[in-house]
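Reading through the structure tokens given below for one structure.
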Amino acid sequence: MGLSINYSGSFKKEASLEAMIEEVKDIAEIYNWKYTIQETRFPKNSFNKTEYNGKLYGISFTPHNSETISLTFLSNGRMCCGARLEFFGNSDNESDKMYLYMLSSKTQYAGSTIHKIIIHLLKYLSEKYFENFKLTDEGEYWETGDENL
């Protein structure tokens, strides 16, 4: 069985995007993970709308031997990664648009230690910065905290 995570959510309107970026950047630097910072401030009055301006806000990072973890958002506050924006951002098909907000990352080749670090980081960030956050962990560590699974 592989280790992948699938996640979605929105940024809390009252939370600080700049603070979240700084926290994640610090962690990425501690572990020597590559990271990319996008826009650092949301436009005013843009949350909870269906339309968005096509820019990404937030940070993404890539742990060693893992796919990138995107903590990036559209101007409407909803999570989205660059690839999903590229593939589905201009679609007029409503069923395609649901994929815009579904993120995933395979952590299998990074090993269980890195997978657990990512899960703990996402738990912390989801409580502080995200709302309506959902994550499915194929290794079930998110759901159970059981390392043996």
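Any read-out appearing in this document is the output of simple, stated calculations on the displayed coordinates, not a laboratory observation. All values derive from a computational prediction rather than experimental measurement. Here the Cβ is made from the backbone with ideal geometry for all residues, glycine too, and neighbour counts use every protein chain on show.
Here are a few things to note about the model shown:
- Modelled FRET efficiency - R0 35 Å, LYS55 with ASN148, Cβ distances, 0.05 increments: 0.25
- With a Förster radius of 25 Å applied to the C-beta separation of HIS64 and GLU86, the computed FRET efficiency comes to 0.50.
- Over all distinct Cα-Cα pairs of the chain, the Kirkwood formula returns a hydrodynamic radius of 15.6 Å.
- Note on the chain: dipole from Cβ charges, positive end direction compared against THR113, SER75, SER4; the farthest Cα belongs to SER75.
- C-alpha long axis of helix 112-128 to longest principal axis of the chain, angle in °: 40
- For the cross-link pairs LYS13/LYS116; LYS34/LYS134; LYS44/LYS123; LYS55/LYS97, the ones whose C-alpha atoms lie over 23 Å apart are LYS13/LYS116; LYS34/LYS134; LYS44/LYS123.
- For the pair segment 118-149 / segment 31-109, the C-alpha centres are spaced 18 Å from each other.
- Counting only Cβ charges, +1 for Lys and Arg and -1 for Asp and Glu, the dipole size of the chain around its Cα centre is about 420 debye.
- Against the main long axis of the alpha-carbon atoms of the chain, helix 17-30 sits at an angle near 30°.
- Residues with amide H under 5 Å from that of SER75, placed H, sequence gap 5 or more: ASN53, GLY54, LYS55
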